[in-house]
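One structure is given here, and the rest of the page talks about it.
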Amino acid sequence: MGSGSSAIEKTKQIGNEYFKAGEYSKASIAYSKALKHDEFNAPLLSNRSACYLKLGKYKESLEDALACIKQSPGWNKGYYRMASALKACNLLSEALIYAEISLAIAQDQIVVTLISELKSQVQFVGRSTLLIWGNHNPRPSPVRGLEAVQITEVACGVNHSLAVTSNRMVYAWGDNSYAQCGVEGNCSNPRLIVDLLSHQITAVIAGGGHSLAIALNGDVFAWGINAYGQCGFSGTAKTPQQIKIQGKVQGGSAGLGHTALIMEDSSLYMSGWNSQGQLGKGNNLNLYEFTSTSITNANYVSCGAAHTLVVLKNGTVLAAGGNSCGQLGLGCFNDQNTFTLIDGLQDISICHCGEEFSVAISSRSAVYTFGLNNVGQCGYAEKITNRPKAVDRLSRALGIEFAACTKAAVLAVTRNFLTFAWGIVPDYTGNQSSQYLPKELEILKSKRVREIQCLRDAFMICTNYVQSNSYISNILLNAVEAGKRHRAFVNLIDSNYMFVNEPIDKVSALCFNSEGKISKGECHTYWEESRYIIELSINEAGYHNLYGFVNGMLLANSPIIYTVKHGEFKEAKVFVNSEEMIVNAGVGFTVLVQILDKYGNLVLEEPKLDLNLNVSGHCQILDYAEGCFRVNIYCTGIGKHNLKVLSATKPLQYILQNISEPDNIVDLGTRETISVQVLPGLISLAHCSVEGLKNEYFAGDIIIFNIISRDQYGNTTWHRSAPWIVELPLAYEIVDSDDFCMATIKTKCLKAGQLPIKIIYNDQILLSRDVTIFPGPLYIPHTLITGDGSKNSLFSQPRQAEFSIELYDEFCNPCPASLAVETIAKHNIQQLQAHKYAINYSISSPGEYKFILRTSNGNIALKVLVTKDPKLIKQEQMEQELEKKRQQMLEEQKKLEDLERKKRIDEENRRKQELLQKEKIMKIAEDKQKELEAAELLRRQKIIDRIKQQEITKKRAQEALQKLAEEQEKKKRDQKRWKRTGGGFTVPFIVEDL
């Protein structure tokens, strides 16, 4: 038990810290967690009510406040929370009732401020159900302090009053000399009896100086003067004390010093003063506790000053007590200390005792009086009568149902709310007169009087009140479309079980949504013809709770479930995961398209929806559920786009939401675009291409071609995950572009013939082709001459000779070329192959012969026949390779030098920027220093000017003082003096300077 209480207190403390920090949602969660262990903890309910109020969840705030009041009716916080929640709901008069209850329980400056605010705003509080007439009130007026409280019952003693409210609270006011008001201190205005708050009081009884209250469960409480035991126990009772009595109390009455109670079983108990036998116990001894009598079928009881009347269930009446004026109706003037049957009274429903007279009313509204009639209090001419006599002037048709007796007057109320009076009925203007015959009181004709109770010098008048079984009708069973108006009827039933047909009550209504917040839309009340109307126009779809109030009281069938459905499709919103989306081309990303009516409600029935994009791509609707389309968006054009989703050419609004966490929503307002970075898709061989590759090359040509990677939409894409594979029978170089969307293949083929090329990606062939390599241009140094002309020799004799010549390109590929020979020798050319020729010649005589072999790429001169040494050919090739490498090294060196030069330039630019920034800062500092120096010079100049002005002022003041002194000195010299002579008069004389 202890550990559980400790955990609750710890959780409550956590909630308090969250509340102080302004984190009301977390605080409400902490309080709710604690309430799971102790659901009837009033402080926790109060704190959670305050949290809900801060969060705008007014319904939950009201419910927690009511639960707090129910658990701790004597604690002021619950009423304060209720008042605050009602004020937030703009139910100001209702809030004022609860705020005043809170202040009555405990003085709190916050509550005082709240009451002051409410009173300044409340204009109409509803009907006043309790009026006072008399005691400086010449006309019936609402009891001050109870204007907004609905009173169901009132009781009056000699100089104090008690009132029960519709929510079973008790107020007391008037003389409190003997604590008969149940509270301490002055009771000039109604005060709440706090000690009775937890007991659900349904009835009150007021005696001469004591009071009683009967609870709903039959318990009875008493307080006030108790000198004769009239409270039913010994000792004093300054505050309500429960009376120990067997059984449940149903009703009762009190006189000057005695009390009678009727039990649930119809038995009668008496206690208190018994000097004239008014307790009916057969003696005149006082009783200091409630004691049963011989009566077991009591239906109604009334106590006068010193006598008692009891109406039995069979309609007969018993009387006991003082009978000096015949007030017992027994036909004599002797006191009776036992209950005695009154002859002549039958079918009586209620009776009332004045001080020395009595009134009985039958179930058929006949009125009988007996006892003292010295001022007409019995309603006829006889001065005194000791037998019941009907008041003839009161017809049964009037329907008298209730009467109230003062010491010398009777006021009777009819079923039609008319009031008749006889006896001494003051008009509270200083005039009073006796009237022996009943007369209707015009002043009360429009008040719909239900009950009257009498003080010594005033009347408490209870008017009709609205009962708690008043209800709302014309309730819609089916859902109504959002924004559509509906009128519900408020059927108010008064205490006479009749429908109220005049606008004298304060009727208000509140509608809460499922979150406990006030529903969006309109909910107001007004009077039309003969009833109040609640007009609703709710814009939120869902379930709503409609609460109706009348005079601060909840209507019987509140809350009413009011179902609102969505309207027609008017707009849509797109829910996305991020403001900036990154997707691959052709790879869809999912969004939620929320379909709303014009009030923002989800349209649950699937509408027709056409969606388009402002960029290349398309939308695919997947499904529709709970007012949302699930849509895949496919973008095919790469790059960064401001994406719009269009419906009927109208851009939709974006809302940022983590779709996997629906509670995490950030509304982006009216944004019509989001940033979408579309990246290339996966490589599609059908869309990839090879560019720059020709079908024919010459030996020695650089073969360069590009492999372009593309996705299925034709966008260039990267190939990092799986590189291209190029199958070539010779060495090659492959270089990827910076974005890995293109691979450049570079190679050099020196051998003529067919060059097979195959390009593969992920084991799939993109290209397979044979490229033709033709020999390069004729390279004379590689010409091969064999035969008789292949050596440098001189023929010494004439002879027939032959040599062959083979033509090659730079890379030793046979080079087809035309050949012409110029020589003096007789010769014949025979082409053996495309690149090989045989030359037959004849030398007629020895000597040196010159042969000029003319080709398309130059001439070859031979002396006699000269052939080249193969070693020389190889040496030339090596030299060419070395030269090529040297050129490459020079190019690399140039690139490094260019890079170094760029770095030096960048560094110089950076230093220049730093220098410029420093100069700018120094200039700003210099300008600031100059401004400060100028300000200082100006300040010093002002000081100098001020000093000069002060010196001038001082000089002028000195001159004025000097002039004033001179004038005074002159005046003094010229002044006349007066001197008294001996003759009794004076003469002037002049005082001269000495």
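The values are calculated or read from the model by the stated rules, or taken from the named source; none is laboratory data. Remember, predicted model here, so these are calculated numbers, not experimental data. Quick reminder, even Gly has a Cβ in these numbers, built from the backbone with ideal geometry, and neighbours come from all protein chains shown. All accessible areas refer to the heavy atoms of the entire protein, side chains included, with ligands and DNA or RNA removed. Shrake-Rupley method; radii C 1.70, N 1.55, O 1.52, S 1.80 Å.
So the values come out like this:
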item	result
222 nm mean residue ellipticity, helices alone, for the chain (DSSP H n ≥ 4; -39,500 (n - 2.57); rounded to 500)	-7500 deg cm²/dmol
Solvent exposure, largest accessible area first (probe 1.4 Å, DNA, RNA and ligands not counted), of Val311, Val375	Val375, Val311
Nearest-20 debye value, region 698-790 charge dipole, Cβ charges on Lys, Arg, Asp, Glu	100 debye
Dipole magnitude of the chain, debye to nearest 20 (Cβ charges: Lys/Arg +1, Asp/Glu -1, about Cα centre)	2900 debye
Separation between Cα centres of region 360-385 and region 458-528, rounded to whole Å	44 Å
Proximal charge balance of His835 [Cβ under 13 Å; K/R count +1, D/E count -1]	-1
Partner aspartates and glutamates for Lys746 [C-alpha distance under 14 Å; skip if fewer than 8 residues away on the same chain]	Glu691, Asp701, Glu727, Glu733, Asp736
Where N is the number of residues in region 3-121, Cα Rg divided by 2.2 N^0.38 Å	1.04
In degrees, nearest ten, helix 2-20 long axis to first principal axis of the chain (Cα)	70 degrees
Cut-off under 5 Å, modelled amide H: who pairs with Ile757 long-range	Arg769, Asp770, Val771
Distant-in-sequence amide H partners of Ile493 (H built 1.01 Å from N, under 5 Å)	Gln467, Ser470, Tyr471, Val500
Within-10-Å neighbourhood charge of Ile703 [Cβ basis; K, R +1; D, E -1]	+2
Point-charge dipole on Cβ atoms (K/R +1, D/E -1) for region 3-121, about Cα centre, debye to 20	260 debye
Crossing angle, helix 109-121 versus the chain [Cα axis fit, 0-90 degrees, rounded to tens]	90 degrees
Residues in region 691-719 reached by a label modelled at Ser737 [backbone nitrogen below 20 Å; 7 Å Cα→Cβ]	691-694, 703-719
Where Asp38, Asp597 fall by accessible area, highest first, once all protein chains stay in place (1.4 Å)	Asp38, Asp597
Nearest-ten-degree value, helix 42-55 long axis tilted from longest Cα axis of the chain	50 degrees
Under 28 Å from the Cα of Lys942 - lysines, other chains or at least 8 residues apart	Lys928, Lys930, Lys954, Lys955
Pairs from Lys70/Lys238; Lys10/Lys36; Lys748/Lys894 whose Cα-Cα separation, in the structure shown, is over 18 Å	Lys70/Lys238; Lys748/Lys894
Spread of Cα-to-Cα distances over 10 Å intervals beginning at zero, given as percent, for the chain	2, 7, 10, 10, 9, 7, 7, 6, 7, 7, 6, 5, 4, 3, 3, 2, 2, 1, 1, 0, 0
Theoretical gain in end-to-end length, Ser530 to Glu919 [0.36 nm per residue, Cα-Cα removed]	131.2 nm
For region 179-193, Karplus couplings with θ = phi - 60° (6.51, -1.76, 1.60), whole Hz, Gly/Pro x	6, 5, 8, x, 9, 8, x, 6, 10, 5, 10, x, 10, 6, 8
Under 5 Å, built H, 5+ apart or other chain: amide partners of Gln250	Ile262, Met263, Glu264
Accessible area of Ser72 in the full protein assembly, 1.4 Å probe (Å², nearest 10)	40 Å²
Residue-level accessible surface for Tyr300, protein heavy atoms, 1.4 Å, Å²	70 Å²
Peptide ranges 275-281, 693-699 listed from the most packed, as the mean C-beta count within 10 angstrom indicates	275-281, 693-699
Around Phe489: net Lys/Arg minus Asp/Glu count, Cβ-Cβ under 10 Å	+1
Exposure rank, largest accessible area first [Ile110, Ile8; 1.4 Å]	Ile110, Ile8
Proximal aspartates and glutamates to Lys912, defined as alpha-carbon separation beneath 20 angstrom and excluding residues fewer than eight positions away on the same chain	Glu900
Leu819 accessible area, assembled protein chains, probe 1.4 Å, Å²	20 Å²
Gain on full stretching of the segment that runs from Asn416 to Glu967 - 0.36 nm per residue minus C-alpha separation	188.3 nm
